[in-house]
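Quick notes on the structure that follows.
The values are calculated or read from the model by the stated rules, or taken from the named source; none is laboratory data. Just so it is clear, the model here is predicted, and its values are computed rather than measured. Cβ sites come from the backbone with ideal geometry, for glycine too, and all protein chains shown count toward neighbours. The area values use the complete protein model at the heavy-atom level, side chains included, leaving out ligands, DNA and RNA. Shrake-Rupley method; radii C 1.70, N 1.55, O 1.52, S 1.80 Å.
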Amino acid sequence: MQKLFPSERNSTIRLPVVFITPEAKQRLDLYIQLCSDEISGLGRVSRLGNDFLIEEVYLFNQEVTGVSTDLSSEDVSKFLLELIQQGADPSALKLWWHSHCNMGVFWSGTDESTAGKFSNGWMISVVGNKSGEYLVRLDLYEPIRLILDGLEFRVHCPENTALREE
């Protein structure tokens, strides 16, 4: 497994940026702030050229402690079934997010293991804390296992063309 960090950037490599919609960012911040322990969930991600856009974050029933979360497999399965029944594509669930509560943002051994289990082409992972710090990475599972860590994380505010025309 190879990791590439932003400090290793050079003029020929442009690492992707991970954007998040304002509403999804607000939800993520609130989920982390309002839970007294660690918390986790999934989310819907789309591609913006070579970048990524987190469009929605989802919260599930889970058991939480100060150092772990365990999503309810029954609740996640029910959610996936509802998505399919609504005609939505469950393969767009390309975000795993979690908090480290009051600790720093880093990838623990448990986090590394969890991120390695998805193996669905690619996955964005986000870890945040109550201080508002975030660490973001992209895991590529094919054609080789590659992790792009420390990616730029920004709120997506597309230009309002109607306002410009006005």
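Between the residues Y58, S125, V76, the greatest Cα displacement towards the positive end of the dipole of the chain, with unit charges on the Cβ of Lys, Arg, Asp and Glu, is found for S125. Computed over the chain with a Gaussian network model linking Cα atoms closer than 10 Å, the most mobile of T21, T114, T69 is T114. Working note: Karplus 6.51/-1.76/1.60 with θ = phi - 60° gives the range 19-36 the couplings 9, 9, 5, x, 5, 5, 5, 5, 4, 4, 4, 5, 4, 5, 5, 8, 9, 6 Hz, where Gly and Pro are set to x.
Extending 7 Å from Cα along the Cβ direction at S68 and again at D89 yields two label points whose distance is 3.5 nm. Mean projected area of the Cα convex hull of the range 103-159, taken over all directions, amounts to 5.1 nm².
Beta-bridge orientation, the chain: approximately 65 percent antiparallel, per DSSP, counting only bridges with both partners inside. Under the rule a/c < 1.5 gives rounded, and otherwise a/b versus b/c splits prolate from oblate, where does the range 13-158 land using the Cα gyration tensor? The shape class here is rounded. Counting only protein heavy atoms and using a 1.4 Å probe, the accessible area of D149 comes to about 10 Å². When the helices of the chain are scored as -39500 (n - 2.57) per DSSP H run of n ≥ 4 and the total is divided over every residue, the value at 222 nm lands at -7000 deg cm²/dmol. Taking all protein chains as they are arranged and a probe of 1.4 Å, the heavy atoms of V17 leave approximately 10 Å² accessible to solvent. FRET efficiency for the pair E112 and A162, taken as 1/(1 + (r/R0)^6) with r the Cβ-Cβ distance and R0 = 41 Å, rounds to 0.35. Applying 0.36 nm per residue to the separation of Y141 and E23 and subtracting their alpha-carbon distance, the gain on full extension is 39.6 nm. Accessible-area rank, largest first, for H100, H156: H156, H100, with all protein chains present and a 1.4 angstrom probe.
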